[in-house]
Amino acid sequence: AYMKALSLSPGEIINMIKSSGLLGRGGAAFPTGEKWQSCADTGAERKYVVCNADESEPGTFKDRILMERDPHRVIEGTLIAARAIGASLGYIYIRGEYPSALRSIEAALHDARQEGYLGTNVLNSGFDIELEIRTGAGAYICGEETALFESIEGHRGMPRIKPPFPTTYGLFGKPTVINNVETLCNVPFILELGPDAYRRFGTSRSPGSKLFCLSGDILRPGLYEVPFGTSIRRLIYEMAGGIKGDGELGGVLVGGAAGAFATRDHLDIPLTFEDLAGCGLPLGSGVLMVFNDRRDIRQVLLGLGRFFAHESCGKCYPCQLGTHRQHEILARIAAGETRSGDLDALKDIGWTMSDASICGLGQTAATAVLSAIERWPEIFYSQTR
């Protein structure tokens, strides 16, 4: 695929990605081709490409497996993106807690450099490209694209106000394309076999396949690749073996820690961006955390609340204060010490964070809580005083 990209013009590459309908796999689902086009159109002399491998959300592990088991595909997708936008330098930003993935990418970069796929005038194509690795230091917030830029630049990882957007003002103030690992791993397939071959999988609005991370109370947890449009029921019961133990399905947290809860009523919903959105469920990064009916959802929410309170960078007050206040209330509820007004306070905090936080962490920190209030309001009222 990379060899083919070197024989095509940047515009031809971008048009192939556009025709494929590839959407970002990191959670935002932004059209990849449009992002690349926007960056290429700036005409800037210096541009950057960044592979976002700072996978830190609970329940998400797809990017780790891609990097550990197929690192050359990650590099190939990143190089094709660089060719498409005219970047001569790129970064692969890897979560600091992924030492095995880091070693795999380092070895693959060494191999690629030895074979002449990196450097000056790659394979006599006139294309110059270098890739460098940067590692995080344990901050979930650095998965947010602008906070990741700040980290690469040597600053504390905190998100920037947008606009301007990265495609016009990104890393070091230059136009930048940043894509998730899974997104970039789809690119070689599209270049090699064509957009039509890619669109044979999935649906018209959610083309291609998707990696889903299944964990929790299921018989066969793991990473599953299925075409978009596969139902939640098929994924959990036919492929992952169903619920583990004697319990029945209690709920499924769809989309990861920043996701929302599905119930048995949602099992036949197709896993696509459009179908899930119609039910108020985010696809996110492709996480399905399964809980049987014996799990205490209040304890699950407490763990999520603790995570977001710990990971808030503190730049904006809605998130800084809201995540800690949310955690305090969830701790009381989990202990069976619910106070009058706690439920209304949780709703107010959640809506405020969603509307007023400057980045995705605060905007989604209450999604699971608000979802649980809607699905199972009774669990918040037990032992009220």
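Every read-out reported here was derived from the displayed coordinates using simple, explicitly stated rules and does not represent laboratory data. The structure presented is a predicted model; accordingly, all values stated were derived computationally and were not measured. Methodologically, a virtual Cβ is constructed for each residue, glycine included, from the backbone with ideal geometry; neighbour enumeration extends over all protein chains shown.
Some notes on this structure:
- Listed values (1) 74, 44, 34; (2) 71, 44, 40; (3) 80, 43, 36, entry calculated as Cα extents along the principal axes in Å: (1)
- Within the stretch 31-176, the ratio Rg/Rh, alpha carbon atoms throughout and Rh by Kirkwood, equals 0.96.
- Rounded FRET efficiency, nearest 0.05, which uses the C-beta distance separating S9 from E248 and R0 of 35 Å: 0.05
- Amide H contacts of I218 (H built 1.01 Å from N, under 5 Å, at least 5 apart or other chain): K244
- Using C-alpha pairs under 8 Å with a sequence gap of at least 6, the mean separation divided by the residue count of the stretch 1-152 gives a relative contact order of 25 percent.
- Karplus-based coupling profile of the stretch 115-120, in residue order and whole Hz: 8, x, 7, 10, x, 8, with θ = phi - 60° in 6.51 cos²θ - 1.76 cosθ + 1.60 and x standing for Gly or Pro.
- Taken along the Cα-to-beta-carbon direction at a fixed 7 Å, the label points for R205 and T263 span 2.4 nm.
- With the simple spin-label model, which puts each label point 7 Å out from Cα in the Cβ direction, the C279 to A107 separation comes to 4.1 nm.
- The H on the amide N of G202, modeled in the peptide plane, is under 5 Å from the matching H of G208, F228, each at least 5 residues off or on a different chain.
- Taking Cα centre as origin and charging only the Cβ of basic (Lys, Arg, +1) and acidic (Asp, Glu, -1) residues, the dipole magnitude of the chain rounds to 140 debye.
- Reach of K244 by Cα under 19 Å, taken over aspartates and glutamates that are not fewer than 8 positions away in the same chain: D217, D293, D296
- Unit charges at the beta carbon, dipole of the chain: most positive-side option, A240, Y140, L214: Y140
- Compactness check for the stretch 236-360: Cα Rg over 2.2 N^0.38 Å is 1.15.
- Near the amide H of L131, within less than 5 Å, lie the amide hydrogens of G90, all on another chain or at least 5 residues away, with H placed in the peptide plane.
- Here the stretch 178-310 was treated as a single set of alpha-carbon atoms; its pair distances binned every 5 Å from 0 give 2, 10, 19, 22, 19, 13, 8, 4, 2, 0 percent.
- Treating r as the C-beta distance of E238 and E328 and R0 as 35 Å, the FRET efficiency rounds to 0.25.
- Inter-probe distance in nm under a simple model that places probes 7 Å from Cα toward Cβ, at A44 and E374: 3.8 nm
- Pairs over the 19 Å Cα-Cα cut-off, from the set K162/K347; K35/K174; K162/K315; K62/K162: K162/K347; K62/K162.
- Listed by chain and number, the aspartates and glutamates whose C-alpha is less than 17 Å from the C-alpha of K4, apart from same-chain residues fewer than 8 away, are E12, E76, E115, D128, E192, D196.
- Relative contact order %, the chain, counting alpha carbon pairs below 8 Å whose residues are six or more apart: 16 percent
- Rounded to the nearest 5, the antiparallel percentage of DSSP beta bridges internal to the stretch 1-132 is 20%.
- Rounded to the nearest 20 debye, the dipole magnitude of the stretch 171-252 is 260 debye, with +1 charges on Lys and Arg beta carbons, -1 on Asp and Glu beta carbons, and the Cα centre as origin.
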